[in-house]
Amino acid sequence: MRLAGFRFGAYLWGVFGEMLMRRTMSGARIVKLLQMPSVTSLRVIARMAFVVVVSLVARPDLVWALGCNAGVNVNSFQNFSAAEQEAIVQQLVTSGAHCVRTSLRPDDKDIHLAKELQDKGVGLVLVPGAEFLPGTQARPADAKRNMRSALPLSAADPERSRVSYQSLFDKLDANGIVLAGVELGNEINWTDFNGDFPIPGKGKAFTVEDLARDPEAQQVARGFLQYLKVLAALKEVRDHSKLNRQTPIISAGMAGVTGGAWQQKLGVDGVSIPATYAFMRAHGLDKLVDGYGVHYYPPEVKPGDKAAAAQRLSVLNSDIFPPGNSKPYWLTEWGFSSIATSSDQDQSRAGSVTEMRAYFHGLF
């Protein structure tokens, strides 16, 4: 996603830790975050996204029981060869990662990968997508803005999706695979991943009121309603699974769009996290999911810049983790950009990670 004008297409190096917490939770447990793993393959480095992950859940035992308290995001794990997948699995184990979040195809190679991850103690948060109506046209990519082509969420097909999920869960059951979580979709609340947003847009973060009144936002709202139908199909399949009935369903990790300067400059839109979840909750989200997915790439703050630190804190508290939700947050992506080639060059980012850890600990 883009924040502060950055495109994280090359992905982020950092630490990854999944902590279970909630703003109002008492007696929550805090996990120790891992140090950055050592990865030797340059090709793997270029295609793996190591990020810090925090999960805010009302039932910490649900995920902790599956060992999903530290791990990594691996982008497009399914696109690696079997040998490359094996190498990454070994690196995960060596690094002490307890969980991996990725998308996989339900073919023999990737089912074998899921089984191997489980056998080696690495929990899997799977990120499937929706199936779409035949003939659905994708909104074209925009190279100027670095926006990818995207299918309109309003054309998602719940029944085709249900058939796809049934096939997936049947294969998981047949191979004895229990997921640590299933996160349906990715950043559906902004232009880059949802073709219901036009390019160019208005450069703003839509509110709940916009979803009812603004013509562009109304189309996005229709897509959100269709997404809820797909979620219902996923839940139905999950609920009848032999092994995964207790697997948490997480809504798509929503992008932390706030209508900031980078959106205005690029002319790309989104729906804010608070507005997205307020709208979806009003239309039955809480009956379908166990947690709300969240993604946020915060800006670095220079040492001593109290105004910037206060601004970042305000955004975190109001636009990323607003209090009062009836379901917990799962922060399944976050991190800071870096072009460092050594630890010595990466101390600034290390300081930013430490600051964010302190913030996350404060949410307990």
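Counting 0.36 nm for each residue step from R213 to E116 and taking away their Cα separation leaves a gain of 30.0 nm. Computed on the range 212-364, with alpha-carbon pairs under 8 angstrom and 6+ residues apart, the relative contact order is 23 percent. Backbone amide hydrogens, once placed in the peptide plane, bring N189 within less than 5 Å of A255, excluding anything fewer than 5 places away on its chain.
The order of E236, E86 by accessible area, most exposed first and with a 1.4 Å probe, is E236, E86. With contacts taken as Cα pairs under 8 Å and at least 6 residues apart, the range 216-286 reaches a relative contact order of 31 percent.
Converting phi to 3J(HN,Hα) with the Karplus coefficients 6.51, -1.76 and 1.60 and the offset θ = phi - 60°, the range 118-135 yields 4, 4, 9, x, 10, x, 10, 9, 8, 10, x, x, 9, 9, 10, 4, x, x Hz in sequence order, with x at every glycine or proline. Cβ-Cβ distance of T94 and A340, R₀ of 35 Å, FRET efficiency by 1/(1 + (r/R0)^6): the value works out to about 0.95. Stretching A82 away from A261 to a fully extended chain increases their span by 60.2 nm, per 0.36 nm per residue minus the current alpha-carbon distance.
Amide hydrogen proximity for G259: with H placed 1.01 Å from N in the peptide plane, the residues at 5 or more positions away or on another chain lying under 5 Å are A205. Positive end of the dipole of the range 160-226 (Cβ unit charges, origin at the Cα centre): among G201, G181, F224, the Cα lying farthest that way belongs to F224. Students often forget the sequence filter, so: which lysines lie under 19 Å Cα-Cα from K287 once same-chain residues fewer than 8 apart are removed? Result set, ordered by chain and number: K229, K235, K327.
Contact order, relative form, for the range 84-125: 50 percent (alpha carbon pairs under 8 Å, 6 or more residues apart, mean separation divided by residue count). Under 13 Å Cα to Cα from K120, which aspartates and glutamates show up? Leave out anything in the same chain fewer than 8 places away. Result set, ordered by chain and number: E86.
Couplings 3J(HN,Hα) for the range 241-257, derived from phi with the Karplus relation 6.51 cos²θ - 1.76 cosθ + 1.60 (θ = phi - 60°), are 5, 6, 10, 10, 5, 9, 5, x, 9, 10, 5, 3, x, 7, 6, x, 7 Hz, where x marks Gly and Pro. Rounded to the nearest 20 debye, the dipole size of the range 112-204 about its Cα centre is 440 debye, using +1 on the Cβ of Lys and Arg and -1 on the Cβ of Asp and Glu. Binning at 5 Å from 0, report for the range 230-330 what percent of all alpha-carbon pair distances ends up in each bin. Going out from 0 Å in 5 Å bins, the range 230-330 shows 2, 11, 19, 19, 16, 13, 9, 6, 4, 2, 0 percent.
Amide H contacts for L124 (H built 1.01 Å from N in the peptide plane; partners 5 or more residues away or on another chain; cut-off under 5 Å): V100, A180, G181.
The largest accessible area among D170, D346, D269 belongs to the first residue in D170, D346, D269, and the rest follow in falling order (1.4 Å probe, all chains).
The stretch between K109 and Y359 holds 86.0 nm of extra length on full extension. This uses 0.36 nm per residue minus the Cα-Cα distance.
The lysines within cross-link reach of K204, meaning a Cα-to-Cα straight distance under 17 Å and a gap of 8 or more places when in the same chain, are K265.
The values are calculated or read from the model by the stated rules, or taken from the named source; none is laboratory data. Predicted model only: the values in this text are computed from it and were never measured. Every residue, glycine as well, gets a Cβ built from its backbone with ideal geometry; the counts of neighbours run over all protein chains shown. Accessible surface is based on the protein model in full, side chains and every heavy atom, while ligands, DNA and RNA are left aside. Shrake-Rupley method; radii C 1.70, N 1.55, O 1.52, S 1.80 Å.
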